[in-house]
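Chemist: The structure under discussion is supplied below as structure tokens; questions concerning it will follow.
Read-outs: derived from the displayed coordinates by stated rules, not from any lab. Being a predicted model, the structure only gives us computed values, none of them experimental. Positions of Cβ are backbone-derived with ideal geometry, glycine not excepted, and every protein chain shown enters the neighbour counts.
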Amino acid sequence: MLETIHVDTIGRSYPIHIQTGLLEKWLPEMTDLLKGRRWTLVTDEHVSKIYAEFLEVISGDLLSIITVPSGERRRQWHRQCTVLELLAEAGMNRNDGILAFGGGVVGDLAGFCASIYMRGISWVQIPTTLLSQVDSSVGGKTGVNLKTGKNLAGSFHQPLAVWIDPLLLKTLPRQEIWSGCAEVVKYGILEGECLREWLRNNWQSVTNLEPDVMTHLIYRCLQYKAAVVTADEKEMELRKILNFGHTAGHAIEKLTHYQFTHGQALRTGMLVELDIACRLHRVSRKKCNELKRFVTLIPEAEQIPDFPPEQLVEAMTLDKKNRDHRISFILPREPRGVDEVLLSPSEVLRLL
Ligand SMILES: NC(=O)c1ccc[n+]([C@@H]2O[C@H](COP(=O)([O-])OP(=O)(O)OC[C@H]3O[C@@H](n4cnc5c(N)ncnc54)[C@H](O)[C@@H]3O)[C@@H](O)[C@H]2O)c1
Ligand SMILES: [Zn+2]
């Protein structure tokens with residue numbers, strides 16, 4: 001089953017292809033796209049070991065392969081400078097392109113390099129984690145971390161295409177599956193009861209990574225994200241809604257020094273923000289509990305410590321989305337929908 005979604009942004013319109021076995025059997029348009037220019041593949045150490053055979057097969061068609069250390073804490077400024085130097089050493093020019101083969105960390109780093117190397121070259125994403133397949137590979141946000149915080153340097157640079165093979169998820173550690181499930185659950189809360197009901201009914205098949213179910217799930221999540229990105233590529237308004245759960249989630253990631261997966265922090269972040277929505281009477285206690293039960297379909301795979309509210313609020317004040325000394329939250333409202341709500345740190349403290 002091949003699913004294709006088109007993302008239409010101002011600068012570019014590009015396809016997302018989702019199919020099990022896509023990496024084994026390339027579509028003609030994938031081969032054509034590769035033939036058009038020279039490519040360097042960027043991946044991480046972990047993925048390059050697991051998919052050594054695939055890299056061996058494809059290497060004949062590539063100019064070079066760059067392998068970066070795996071993990072969030074490695075996505076730093078100097079790492080990106082090294083990748084840029086390696087692109088130059090490989091003789092990459094403005095007509096060449098980058099294939100990003102890995103999870104969100106590789107995608108964000110490789111995409112940022114593609115956006116600034118020779119003032120911007122083409123790139124294609126081949127996401128290998130659930131989180132990157134349902135979320136980060138689409139939308140063109142790229143970036144690296146600075147010492148002061150996550151994603152503080154970055155750009156919008158849309159890829160030429162996104163190629164998704166759900167079979168790649170078979171090698172993913174369980175905690176990374178749960179991490180991706182947090183973004184899936186986030187879409188369930190944003191999109192509404194229809195997706196939530198489908199997820200509740202198919203949860204077992206999702207967690208068993210059944211290929212057709214995963215293809216459908218990735219399709220539905222990306223269809224939602226593509227529509228949002230098409231309407232608001234640069235996150236001026238609508239795209240902010242994708243940040244539900246992330247204000248508290250990012251604060252937890254920062255307080256725990258990124259030692260937990262993004263999804264585990266997001267799971268807790270969504271629970272915290274649902275309580276805030278309830279205390280602001282945006283949703284009833286009954287609805288809040290129903291949504292919290294939905295979030296807790298994801299097990300607490302890693303035990304995140306409880307932080308004193310003061311510490312949480314302090315970490316939230318550093319969020320990029322904040323304005324006028326107020327903290328930005330995306331909160332659900334009844335009967336449906338979400339809105340951005342700006343709250344002062346003292347109000348948040350009162351609500352926690
Ligand atoms: N650009 C965006 O719009 C956007 C959106 C959401 C998240 N993100 C970013 O994405 C990052 C998180 O991405 P992630 O969760 O994919 O993390 P990740 O890229 O660090 O991957 C997680 C781990 O899984 C390994 N891995 C990757 N694919 C594998 C496979 N198929 N089999 C076995 N192991 C595999 C990696 O080596 C790594 O150790 C964060 O930095 C987050 O900020 C970006
Ligand atoms: Zn996220």
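Chemist: With a 10 Å Cβ neighbour count serving as the proxy for reagent exposure, in which order, fewest first, do SER136, SER59 appear?
Modeler: Sorted ascending by nearby Cβ count, the order is SER59, SER136.
Chemist: Given an 8 Å cut-off on Cα distances and at least 6 residues of separation, report the relative contact order of the chain as a percent.
Modeler: RCO, the chain: 15 percent.
Chemist: How many percent of Cα pairs in the range 202-352 exceed 20 Å?
Modeler: Everything past 20 Å amounts to 54 percent.
Chemist: Over the range 139-198, calculate the relative contact order: mean separation of alpha carbon pairs under 8 Å at least 6 apart, over the residue count, as a percent.
Modeler: Relative CO of the range 139-198 lands at 19 percent.
Chemist: Please arrange ILE218, ILE50, ILE10, ILE126 by how many other C-beta atoms lie within 10 Å of their C-beta, fewest to most.
Modeler: Listing ILE218, ILE50, ILE10, ILE126 from fewest to most nearby Cβ atoms yields ILE10, ILE50, ILE218, ILE126.
Chemist: Taking only Cα atoms, what is the 0 to 90° angle, nearest 10, from helix 246-255's long axis to the longest principal axis of the chain?
Modeler: Approximately 80 degrees, to the nearest ten.
Chemist: Just to be sure I follow the definition: excluding the sites themselves, where is the longest run in the chain that has none of the GluC sites (Glu not before Pro) in a DSSP loop with at most 13 other Cβ atoms within 10 Å?
Modeler: Here the longest run is 25-236.
Chemist: Label LYS320 and LYS286 with points 7 Å out from Cα along Cα→Cβ: what is the distance between them in nm?
Modeler: In this crude spin-label approximation the distance works out to 4.0 nm.
Chemist: So how far, in whole Å, is the C-alpha centre of the range 302-334 from the one of the range 1-36?
Modeler: What the calculation gives is 37 Å, centre to centre.
Chemist: So between ALA52 and GLN303, what do we pick up on full extension, going 0.36 nm a residue minus the alpha carbon distance?
Modeler: 87.0 nm is the gain from fully extending ALA52 to GLN303.
Chemist: Would you mind computing, in nm to one decimal, how far apart the modelled labels at ARG279 and ARG37 are, each placed 7 Å from Cα along Cα→Cβ?
Modeler: Placing both labels 7 Å beyond Cα along the Cβ direction yields 4.9 nm.
Chemist: How many nm separate the modelled label positions at TRP26 and HIS257, each set 7 Å beyond the Cα in the direction of the Cβ?
Modeler: Taking the simple label geometry, TRP26 and HIS257 are separated by 4.3 nm.
Chemist: On to the next question. Order of HIS257, HIS262 from fewest to most other C-beta atoms within 10 Å?
Modeler: By the 10 Å Cβ count, ascending, the order reads HIS257, HIS262.
Chemist: Right, something else. Tell me which of ILE252, MET236, HIS216 sits at the most positive position along the dipole axis of the range 214-272, charges placed on C-beta atoms (Lys, Arg +1; Asp, Glu -1).
Modeler: HIS216
Chemist: Within 13 Å, Cβ to Cβ, of ALA248, how many net charges do the neighbouring residues add up to if Lys/Arg are +1 and Asp/Glu are -1?
Modeler: -2
Chemist: Given only helices, namely DSSP H runs of n ≥ 4 each adding -39500 (n - 2.57), what is the per-residue ellipticity at 222 nm of the chain, to the nearest 500 deg cm²/dmol?
Modeler: Only helices count here, giving -14000 deg cm²/dmol.
Chemist: Between THR82 and ARG293, what length in nm is gained on full extension when 0.36 nm per residue of separation is reduced by their alpha carbon distance?
Modeler: Difference between extended and current length: 71.5 nm.
Chemist: Just need the relative contact order of the range 111-243 here, percent rounded to a whole number, with Cα pairs under 8 Å and 6+ apart.
Modeler: Relative contact order for the range 111-243 comes out at 25 percent.
Chemist: Taking 0.36 nm per residue of separation and subtracting the Cα-Cα distance, what length does fully extending ALA231 through THR4 add?
Modeler: 79.9 nm
Chemist: Top mean-square fluctuation among THR31, THR67, THR317, Gaussian network model of the chain, C-alpha springs under 10 Å?
Modeler: THR31
Chemist: If N is the number of residues in the chain, what value comes out of its Cα radius of gyration divided by 2.2 N^0.38 Å?
Modeler: 0.97
Chemist: Treating cross-link reach as a plain straight distance, find the lysines whose alpha-carbon is under 25 Å from the alpha-carbon of LYS321, omitting any fewer than eight places away in the same chain.
Modeler: Counting by Cα, and skipping residues close in sequence, LYS321 has these lysines nearby: LYS141, LYS147, LYS150, LYS186, LYS225, LYS234, LYS240, LYS254, LYS292.
Chemist: From a point 7 Å beyond the Cα of LEU152 in the direction of its Cβ, which residues of the range 78-108 have a backbone N at a distance under 14 Å?
Modeler: 78
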